[in-house]
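Worksheet: one structure, shown below.
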Amino acid sequence: MKIAVHISHESAKKIGGIGAVLNGMCTAGAYKKFFDKTVLYAPLFEPGGDIFSHLGEGAEVLFSSRDAHDAGNYEQLFGEITRKYHIEIVYGRRKLVSEFEAERQTSAHLFLVGINTISDVELAKFKYRLWEKFRIQSDIYKGNWDYEQYLRIAIPFLEILEGFYGTGAEYYHFAHEYMGIPCALSVLLEGKKHKTIFVAHEVSTARFLVESHPGHDISFYNLLQKEPGEKSLEGVFGSHKGNPRNELIKRAVSFDRIFAVSDLVRNEYLFLVPDTPPEKIRTVYNGLSAKGITIDEKKEIRQKIQNYLRTLLNFTPDVILTHVTRLVISKGIWRDISLLYNLDEIFHSYNLKGAYILLSTLIATGRPPEDILRMEKDYGWPLLHKEGWPDLVGMETEIYHYLQLFNSRSKAIRGIFINQFGFGKRICGQRVPEDTTFADLRMASDAEMGFSIYEPFGIAQLETVPFGGVALLSSSCGSAFWLENIFRDAEIKPFYVVDFIESGRGMGYEQLRALTKKQRNTIERETFSSRAKEIFDIIPTTERKREEYLANIPDYISPMSWETVVKKYLLANLPT
């Protein structure tokens with residue numbers, strides 16, 4: 001029996017990219033044919049609250065030690081473990097559903113472990129063993145709960161799995177990001193012959209450096225190429241031993257495989273750990289969940305979204321631009337607005353009207369529907385906003401002000417900031433047409449923006465492509481190379497890659513290290529100014545062009561699909 005064990009913070013609920021990956025990967029037919037069972041494993045983040053809230057919406061709770069809930073005599077399996085380690089175990093089943101293909105589903109076993117009161121003795125023993133075998137100094141990270149919680153769930157990891165499924169199963173442990181590393185290390189500590197795979201959705205240290213340097217991707221990726229005689233990332237940028245994420249992912253070199261989600265990530269990891277055996281690290285791309293639609297279906301869906309926009313803007317946009325993303329610095333949202341200034345002039349000259357929808361929020365769980373309704377009624381949310389909960393919080397305020405400044409100057413394009421998680425009438429207000437879904441927003445979009453400064457892959461940037469839209473992205477997106485490869489011989493290429501990094505190629509080492517925010521902003525503005533017309537020409541601005549793009553895409557949906565990616569990259573690169 002082959003068991004795929006995925007250790008991830010998104011095991012119980014999709015929050016971002018890893019959740020989308022799990023939904024796509026685990027529902028692929030080739031994956032389900034190879035693996036007999038899928039297991040999701042994570043901390044119990046909210047030990048309080050309603051028992052059925054632990055496993056996420058639509059999940060089935062079968063056992064909860066905290067709540068004395070047992071739907072199948074599971075106490076016999078888990079009771080001794082909970083008492084030995086002073087932990088709580090919640091077990092159940094969760095349905096995984098493909099993002100845009102609801103008929104593609106699978107059921108996964110889900111284990112959440114409450115470790116707030118874990119045995120101090122067992123914790124100390126495990127930390128010592130990590131130091132003894134892997135030289136991880138846990139004492140440095142005392143008080144760092146992000147590190148501590150993922151280390152703690154590793155302590156009972158094997159006993160839970162082998163107690164439930166037995167020791168004879170063929171286990172494949174997928175450590176998604178640094179969060180899964182301690183669990184996989186516990187497998188190595190016990191000398192098990194299980195397969196261990198680090199799924200590098202990013203390189204945490206690279207992300208930190210890109211985000212924290214004022215030159216962002218322009219500085220970092222050029223320095224990666226120009227390193228002056230040094231052999232590693234830490235040789236160039238200094239030690240990051242104080243960052244537990246850095247120390248954990250470096251230990252993945254001991255695993256059977258490292259799956260990098262793009263060539264960018266592969267290069268970043270080799271920069272961090274240069275002595276990684278080349279055969280150990282493989283590029284395993286992400287895929288897309290998509291189904292084909294007809295031009296009539298697209299027109300009908302576009303009309304729904306256009307009607308919604310007309311109620312907000314008092315005009316019907318000819319072109320719909322979108323950016324669906326997490327609200328973090330790496331997404332480079334200010335670059336969207338910089339491009340909008342250029343596109344606005346071009347749209348105006350062609351007598352076109354456009355709408356830009358930014359769907360993003362700092363609140364991962366989304367705002368309560370009743371608050372949305374109240375804000376919509378009181379002052380016209382999401383066209384207008386107010387500072388403070390339940391509306392603008394943190395970085396949302398800054399983004400809104402940038403967008404409002406653009407709106408005050410624009411002639412042809414208006415921007416709307418929907419600071420909510422998801423899209424639909426219930427969660428985004430009464431002006432959204434009935435039966436409108438998040439998928440409709442993707443299908444209606446003419447172009448999805450995503451000029452990230454750090455984007456290991458970037459599934460969201462590509463989600464409009466299967467529906468006849470285009471992807472506008474930066475060369476710092478790992479999916480850019482993947483797109484170029486897939487559409488190499490295509491007559492119509494439904495994407496445009498803006499290479500900000502190229503602008504720094506001629507700079508010296510010290511110039512790149514000293515690049516300021518002001519200088520970077522100038523580079524970005526000049527880059528967009530010189531490429532704005534080319535970007536405009538890519539965007540489908542007419543019905544005829546939309547029909548051409550949609551007719552072009554069927555031959556390329558399969559190479560981009562999760563089915564193909566799982567067969568060609570994931571299964572083909574598993575350790576044997």
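Taken together, the values in this text are just the output of simple stated rules run on the coordinates, not laboratory data. On a predicted model such as this, the values are computed, not experimentally measured, just so you know. Neighbour counts are summed over all protein chains in view; Cβ atoms, including those assigned to glycine, are modelled from backbone coordinates with ideal geometry.
What the table below lists for this structure:
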| quantity | calculated |
| --- | --- |
| 3J(HN,Hα) from dihedral phi, region 3-13, Karplus parametrisation 6.51/-1.76/1.60, rounded to Hz, x for glycine, proline | 10, 8, 10, 10, 9, 7, 6, 9, 5, 8, 7 |
| For region 171-304: lysine pairs under 20 Å (alpha-carbon distance), excluding those fewer than 8 apart on one chain | 11 |
| Burial ordering of 74, 379, fewest other beta-carbon atoms within 10 Å first | 379, 74 |
| Residues whose placed amide H lies under 5 Å from that of residue 201, excluding near-sequence neighbours | 177 |
| Length added when fully stretched, residue 491-residue 46, from 0.36 nm per residue minus Cα-Cα | 155.1 nm |
| In sequence order, calculated HN-Hα J values of region 243-255 (Karplus, 6.51, -1.76, 1.60; Hz; x Gly/Pro) | 9, x, 4, 4, 5, 5, 5, 5, 6, 5, 4, 7, 6 |
| Loop trypsin sites (Lys or Arg not before Pro), region 408-485 (other Cβ atoms within 10 Å of the site Cβ: 11 or fewer; DSSP) | 411 |
| Packing-based exposure ordering (other Cβ within 10 Å, fewest first) of 482, 381, 145 | 145, 482, 381 |
| Simple Cβ-charge dipole of the chain, Lys/Arg +1 and Asp/Glu -1, about Cα centre, in debye nearest 20 | 480 |
| Two-site label geometry, residue 408 and residue 36: point separation in nm, points 7 Å out along Cα→Cβ | 6.6 |
| DSSP H segments from the chain that extend 20 Å or more along their own axis, Cα-based, with Kyte-Doolittle mean of 0.0 or above | 333-349 |
| Between region 185-250 and region 440-475, the Cα center-to-center distance that results, in Å | 26 |
| Virtual spin-label span in nm between residue 571 and residue 521, 7 Å along Cα→Cβ | 5.2 |
| Cβ-defined net charge surrounding residue 261, 12 Å radius [Lys, Arg +1; Asp, Glu -1] | -3 |
| Sequence of 481, 174, 421 once ranked by neighbouring C-beta atoms within 10 Å, starting from the fewest | 481, 421, 174 |
| Length added when fully stretched, residue 117-residue 311, from 0.36 nm per residue minus Cα-Cα | 64.6 nm |
| Estimated inter-spin distance, residue 291 and residue 374, nm [label 7 Å along Cα→Cβ] | 3.8 |
| Full-extension gain in nm, residue 93 to residue 513, via 0.36 nm per residue minus C-alpha separation | 146.3 nm |
| Within-11-Å neighbourhood charge of residue 566 [Cβ basis; K, R +1; D, E -1] | +3 |
| Amide proton proximity set for residue 89, modelled H, under 5 Å, gap of 5+ | 65, 66, 114 |
| Förster-model FRET efficiency, 45 Å R0, residue 484 and residue 132, C-beta, rounded to 0.05 | 0.45 |
| For region 441-455, 3J(HN,Hα) per residue [Karplus equation, 6.51 cos²θ - 1.76 cosθ + 1.60, θ = phi - 60°, Hz, x = Gly/Pro] | 5, 5, 5, 7, 5, 8, 7, 9, 8, x, 8, 4, 8, 9, 8 |
| Label of the coordinate-derived value, mean projected area of the Cα convex hull in nm², listed as (i) 26.0; (ii) 37.2; (iii) 44.6 | (i) |
| The chain - share of DSSP beta bridges that are antiparallel (%, nearest 5) | 25 |
